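Q: Would you mind keeping the following structure in view while I ask a few things?
The values are calculated or read from the model by the stated rules, or taken from the named source; none is laboratory data. Remember, predicted model here, so these are calculated numbers, not experimental data. With ideal geometry, Cβ positions are generated from the backbone for all residues, glycine too; neighbour counts draw on all protein chains shown. Areas reflect the complete protein model, heavy atoms only, side chains present, ligands, DNA and RNA absent. Shrake-Rupley method; radii C 1.70, N 1.55, O 1.52, S 1.80 Å.
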Amino acid sequence: MTTHTATSKSASRASEFWALTKPRVTLMAVFCAVIGMFLAVDGIPDWRILVFGTVGIWLLTGAAFAVNCLAEREIDARMARTARRPMALGSITVTQTVIFALVIGGAGMWILHTLVNPLTMWLTFVTFLGYAIIYTMILKPSTPQNIVIGGLSGAMPPALGWAAVANEVPMQAWLLVMIIFVWTPPHFWALALYRRDDYAKSGLPMLPVTHGMQFTQFHVWLYSIALAATTLLPWIVRMSGLIYLVSAIILNAVFLNHAWKIYRHYTDLIARKAFTWSIIYLTLLFIALLVDHYIKL
Ligand code: HEM
Ligand SMILES: CC(C)=CCC/C(C)=C/CC/C(C)=C/COP(=O)(O)OP(=O)(O)O
């Protein structure tokens, strides 16, 4: 009985630390990094780089989110969506989070430096600082353009994966970064539109709160057009072929349809669906890049 209780206590502790790393967003970032790894070579990348690169980037991304949960614990406690995070609830202490972030972040840096390459470690570390310090602590509380500028760190994973395999970051990798960079504003503002009351309570200067719904809806539409154009670049520079092109056109048609509805026929349900679609869209677009890389039509 006692052993049972002890086991379930440590399992729930572990799940709290797991939650600190915002696991689903981390998974998506790591997924984009892994696609970057595959696109960096013609054949299959060295399995050691695949494994250690993935683990290292995963750990540093998790550490970045843990620092974010620490810095924002009071804000998180004010919003319905985030109020159940362990730091907002106070079920994990500040010291525990600092140690956790140091341990997993340090392990990630060590793995990337010794088992992958120093370039990947430094790029991932700069990305960590960009998200955990520049975005979370400086931009997010001070400007509604926070996510546009801060989105650059979220967009970095494909470049990190590419660097792990090729030990350089060529133009093709930066194209993938640009795609995520332009995708981020409609992704986030769709959510911020239907969660505007939460953001108003949080005190964060998010666009629907500072500039109103109509202005934000219009910007979702504008960025979605820019996104459709940006996603054509891999085909234009001959990095990707027909499979990618056709997939991108279909995915963009659906994205633009969501964005148009947000702009002209707004309801919270439409914004909610657009947000969900933004995640499916990015996943499928990156899968299309991967498939196209190996099957040339
Ligand atoms: C500054 C940039 C970004 C901001 C402000 C942002 C914001 C958010 C927020 C607030 C959520 C939570 C939605 C909810 O709880 O209902 C979310 C979910 C998500 N975001 Fe982003 N995001 C950004 C960039 C990214 C990037 C670059 C990726 C992928 C690489 C990404 C992938 C995801 C995924 C997969 C989810 C769903 C997570 C879940 O279901 O819990 N986001 N995003
Ligand atoms: C080291 C490394 C690769 C870091 C990259 C981190 C990364 C993928 C950042 C993406 C940005 C993101 C998900 C912000 C979430 O917004 P938020 O934190 O404002 O969301 P919240 O309102 O849920 O707290």
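Q: Based on the Cβ-Cβ distance from R24 to N167, what FRET efficiency comes out when R0 is 30 Å, to the nearest 0.05?
A: Once rounded, the FRET efficiency stands at 0.50.
Q: Is the shape of the chain best called rounded, prolate or oblate, per the rule: a/c under 1.5 gives rounded, else a/b larger than b/c gives prolate, else oblate, with a ≥ b ≥ c the square roots of the Cα gyration tensor eigenvalues?
A: Cα axes put the chain in the oblate bin.
Q: Under a crude label model (7 Å from the Cα following the beta-carbon direction), how far is D46 from V237 in nanometres?
A: Distance between label points: 2.5 nm.
Q: Enter the accessible area per residue of the stretch 170-297 (Å², integer; probe 1.4 Å; all protein chains in place). List each step's numbers first, then the result.
A: Details: 5730 Å² over 128 residues.
For the stretch 170-297, the per-residue accessible area is 45 Å².
Q: Moving on to the next point. Order of 214-221, 244-251 by packing, highest average Cβ count within 10 Å first? Each step should come with its number before you reach the end.
A: Numbers: 214-221: 19.8, 244-251: 18.2.
My ranking of the peptides, most packed first, is 214-221, 244-251.
Q: Name all residues of the stretch 237-257 having a backbone nitrogen under 17 Å from the label point set 7 Å from the Cα of I225 along its Cα→Cβ direction, giving them as ranges.
A: 252-257
Q: While we're looking at this one, here's another question. Taking the solvent-accessible surface of protein heavy atoms with a 1.4 Å probe, what is the per residue accessible area of the stretch 10-169 in Å²?
A: Numbers: 7080 Å² over 160 residues.
Heavy-atom SASA per residue in the stretch 10-169 reads 44 Å².
Q: Select from the stretch 212-297 those trypsin sites (Lys or Arg not before Pro) which occupy a DSSP coil region and have at most 10 other Cβ atoms within 10 Å, ordered by residue number.
A: R238, K296
Q: With the full set of protein chains in place, find how many percent of the accessible area of the stretch 10-169 is carbon and sulfur; take the probe as 1.4 Å. Please report the intermediate quantities before stating the final value.
A: Working: 4980 of 7080 Å².
On the stretch 10-169, the fraction of accessible area on carbon and sulfur atoms equals 70 percent.
Q: Too long at a 25 Å Cα-Cα cut-off: which of K9/K273; K261/K296; K22/K296; K22/K140?
A: With Cα atoms farther than 25 Å apart: K9/K273; K261/K296; K22/K296.
Q: How much length is gained on full extension from I249 to V126, taking 0.36 nm per residue of separation minus their Cα-Cα distance? Intermediate values should be presented prior to the final figure.
A: Numbers: separation 123, 0.36 × 123 = 44.28 nm, distance 3.32 nm.
The I249-V126 span can extend by a further 41.0 nm.
Q: Determine the share of the stretch 170-297's accessible area contributed by carbon and sulfur atoms, expressed in whole percent, with a 1.4 angstrom probe.
A: 70
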